[in-house]
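Asker: Here it is, the structure in full.
The values are calculated or read from the model by the stated rules, or taken from the named source; none is laboratory data. Just so it is clear, the model here is predicted, and its values are computed rather than measured. Don't worry about glycine lacking a Cβ; one is built from the backbone with ideal geometry, like all the others, and counts go over all protein chains shown.
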Amino acid sequence: MKDRTASSSTTEKEIVGKAAANVIEDGMVVGLGTGSTTAYAIKELGRRVFEENLEILAVPTSYQSEMLSIEAGIPLTTLSQHPVLDIAIDGADQIDSDLNAVKGGGGAHTREKVVSMSANHFIVVVDESKISDRLDHYIPVEVLSYSRNLVCNQIKTLGGNPTTRMATRKDGPVITDNGNFIIDASFGVIEDPLSLSKELSGCTGVVEHGIFHNVSEVYIGKKDGSFEIIS
Ligand SMILES: O=C[C@H](O)[C@H](O)[C@H](O)COP(=O)(O)O
């Protein structure tokens, strides 16, 4: 599993991934996020399915989480079959004290937003490095490839600095699981995440951006091996 953040945070990620997986009960339909932290939750859920006969169904948010879930032996379903989920578990790139989150460092935020908005409860699992008083992380914005320049201009009008995300092991841009481009937009310190969220949603050509306002609880993994829950 590729970890896009410091390897020193692996233990913290594992702690919260496992903790969130242990909240899941028999009969639940669960949304499974994307990234290195959620991967630990998926692995733990697979262990519980196998060793504890835990009976769940899961909706993955990306090809990555689908592949990991299949590998872990977790039965999958779709939002068409189960439009309302009990719980969604996912990571984040940054989260502030009001539980506004930035997601999409792995390009999966569009499906992650759909899945988490379909859930009655949304648990975010992070290590301490993701916590910040205010959001200043770049905002991933998934766009129709056709609209790339138009969206970049709209982001500039909003005071942002847009960069098209490029692939690392392929020439050219990253193509999302939905077949679109990603523009990473830096805004410095974001004074009003809700306003920016609305403005980005209003840009023509934007599919979805990575600011989330629907977090129920955050599990924060600590370096000393403990974790804290904030809600
Ligand atoms: O697109 C990716 C997702 O939003 C991830 O949940 C987010 O980037 C956090 O990933 P990680 O747990 O690997 O830091």
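Asker: Any residue that is within 14 Å of the ligand (Cβ to nearest atom), under 16 Å from VAL215 (Cβ atoms) and crowded, with 22+ Cβ neighbours inside 10 Å - is there at least one of those in the stretch 140-152? I'd like the intermediate steps shown before the answer.
Answerer: Here is the first cut: in the stretch 140-152, the ones within 14 Å of the ligand (Cβ to nearest atom) are 140-142.
With the extra rule that they be under 16 Å from VAL215 (Cβ atoms), the set shrinks to none.
No: the stretch 140-152 contains no residue that is within 14 Å of the ligand (Cβ to nearest atom), under 16 Å from VAL215 (Cβ atoms) and crowded, with 22+ Cβ neighbours inside 10 Å.
Asker: I'm told LEU158 meets every condition in (1) in contact (Cβ under 8 Å) with a residue 12 or more places away in the chain; (2) under 20 Å from the mean Cα position of the chain (by Cα) except one. Can you identify the failing condition by its number?
Answerer: With (1) in contact (Cβ under 8 Å) with a residue 12 or more places away in the chain; (2) under 20 Å from the mean Cα position of the chain (by Cα) applied to LEU158, the lone miss is (2).
Asker: What number of residues within the stretch 13-41 are under 17 Å from LEU85 (Cα atoms) and either over 14 Å from the mean Cα position of the chain (by Cα) or in a loop (DSSP other than H, G, I, E, B) (or both)?
Answerer: Here the count works out to 13.
Condition check ((1) touching a strand residue (DSSP E or B) at 6+ places or on another chain (Cβ under 7 Å); (2) in contact (Cβ under 8 Å) with a residue 12 or more places away in the chain; (3) β-branched (Val, Ile, Thr)) across all residues:
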residue: SER186; (1), (2), (3): yes, yes, no
residue: VAL189; (1), (2), (3): no, yes, yes
residue: PRO193; (1), (2), (3): yes, yes, no
residue: GLY202; (1), (2), (3): no, no, no
residue: VAL207; (1), (2), (3): yes, yes, yes
residue: PHE227; (1), (2), (3): yes, yes, no
residue: SER231; (1), (2), (3): yes, yes, no
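Asker: Find the residue count for the stretch 97-134, including only residues that are of a type outside the set (Gly, Ala, Ser), more than 8 Å from the ligand (Cβ to nearest atom) and in contact with a Pro (Cβ under 7 Å, 6 or more places away or on another chain).
Answerer: Selection size over the stretch 97-134: 1.
Asker: If you don't mind, another one. How many residues does the stretch 85-111 contain that are touching a residue at least 40 places away in the same chain (Cβ under 8 Å), assigned to a loop (DSSP other than H, G, I, E, B) and out of contact with any helix residue (DSSP H, G or I) (no Cβ under 9 Å at 6 or more places or on another chain)?
Answerer: Residues meeting the conditions: 3.
Asker: Take the stretch 43-65 and flag every residue that is crowded, with 18+ Cβ neighbours inside 10 Å and closer than 18 Å to LEU79 by Cα.
Answerer: ILE56, ALA58, VAL59, PRO60, THR61, SER62, GLN64, SER65
Asker: Continuing with the same structure: Which residues, counting only those in the stretch 22-35, are surrounded by fewer than 22 Cβ atoms within 10 Å (Cβ to Cβ) and within 11 Å of the ligand (Cβ to nearest atom)?
Answerer: Within the stretch 22-35, none qualify.
Asker: While we're looking at this one, here's another question. Can you confirm whether ILE155 is more than 16 Å from the ligand (Cβ to nearest atom), more than 30 Å from ILE87 (Cα to Cα) and either in the same structural domain as GLY106 (by TED's automatic domain parsing) or modelled with pLDDT of 95 or more (or both)?
Answerer: The answer is yes for ILE155.
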